[in-house]
1. Stick to the Cα atoms of the chain, pair each with every other, and give me the Kirkwood hydrodynamic radius in Å at one decimal.
2. Using a 10 Å Cβ count of at most 14 others and DSSP loop calls, identify the longest part of the chain lacking such trypsin sites (Lys or Arg not before Pro).
3. Applying the Karplus parametrisation 6.51 cos²θ - 1.76 cosθ + 1.60 with θ = phi - 60° to the phi angles of the range 256-264, what ³J(HN,Hα) value in whole Hz is obtained for each residue in order, glycine and proline being reported as x?
4. Lys68: which lysines have alpha carbons under 19 Å from its alpha carbon, excluding same-chain residues fewer than 8 sequence positions away?
5. Rounded to the nearest Å, what's the spacing between the alpha carbon centres of the range 256-277 and the range 286-312? Just the number, please.
6. Which lysines, on any chain, are close to Lys190 with Cα under 28 Å apart, when same-chain ones fewer than 8 places away are left out?
7. At 0.36 nm per residue, minus the direct Cα-Cα distance, what do Val59 and Thr234 gain on full extension? Give it in nm, one decimal, please.
8. Given a cut-off of under 8 Å on Cα pairs at least six residues apart, what relative contact order in percent is computed for the chain?
Amino acid sequence: MDAISAFSTYEREALEAIESADSVDTLEAVRIEFLGKKKGRLRDLQKLLGQVDPAERPVVGQRFNEVKNRVGERLDERKNQLDRPEESSLTGLDITLPGTPVRLGRRHPLTQTIDEFKDIMGRFGFTVADGPEIEDDFHNFVALNIPEDHPARDPLENFYLAAASIANDRQALLRSQTSTVQIRVMEQTKPPIRIVSVGRVYRPDTIDATHSCMFHQMEGLMVGDSVTMAELKTVLHLFATTYLGEDVQIRFRPSFFPFTEPSVEVDMNWHGNWIELGGAGMVDPNVLTAVGYDPEQVSGFAFGLGIERFCMRRHHITDIRRFIENDVQFLSQF
Ligand code: DAH
């Protein structure tokens, strides 16, 4: 038998024996038989190699090494399998493979902004209140002094829920403003009050770079026995300055909201530009009466700011639609 075919026979028999070894001990016996230094069959092959014609030795030698390495590798692999029987029996799970690194997720930029807003207002003594997103027309309009024929109540300006009415004949709708929470809080709490409420509001606006049918507002309400407009301006100034990390100017422009008197639009000057933040004012006596307060005894201020606008300014985001596209490349930048 020539050397090459002896190598092949050896290889085939060794691999078969390795495969059928079913314990570490039998595998060790196989190792001694085929690779053992003293009497193993490899020694016989080595002798055979010594006898081949010197001209053929490179080729035959290469085959010898190949067979030797193959048998050695397969022995090691089988040994690993037999060493961990319970793991190898879990089909499809190879715990020896390298792990896939898990990339940490992060909070949505709007959520980050909201958390920061709540944190800042918390430092000024404002606690967080929540209200439902499915509201009724009493809290969204009536108690806020918005009369029946006011354009804000138009079906084209709101998401009224079809044929839905909550108890007491109240028409249900997706809230169009967070001012609803002012009412809910005052109905249930006696003054003094200092709250903010942050959440989604809904309006059937045509969607473009600056409008969305769903966006977020932060509502603020402070009621006490002598709350003034100067405090309103101070709170808004401190808030904007804290959020943006540098001194910003706050400007009030006369305006009208049914639930405040007087009412203002709030602008802030940041990096040389006036930016509209939202509305504010002193809580209208009719609203205080609607929730059972005595307007002769208490006064208050309220404000409502758009969250997206702040966040877009701060991060130089130019399209509001980015917030809801769920594009990971965009979101992972914040
Ligand atoms: N709710 C108003 C809106 O959505 C914003 C607003 C204006 C809220 C004045 C207030 C306020 O609390 O006092 O346009």
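None of the figures in this text is laboratory data; all of them are computed from the coordinates on show. Keep in mind that this is a model prediction, so the values were computed, not measured. Please note: Cβ atoms are built from the backbone with ideal geometry, for glycine as well, and neighbour counts cover all protein chains shown.
1. Numbers: mean 1/r = 0.0381 Å⁻¹.
Mean inverse Cα-Cα distance, inverted, gives 26.3 Å.
2. Between the exposed loop sites, the longest stretch runs 108-334.
3. Per-residue couplings from phi come out as 9, 9, x, 9, 9, 7, x, 10, 9 Hz.
4. Lys37, Lys38, Lys39, Lys47, Lys79
5. Rounded to whole Å, the Cα centres lie 14 Å apart.
6. Candidates past the 8-residue exclusion: Lys118, Lys233.
7. 53.9 nm
8. Working: 479 pairs, mean separation 46.7, N = 334.
This gives 14 percent for the chain.
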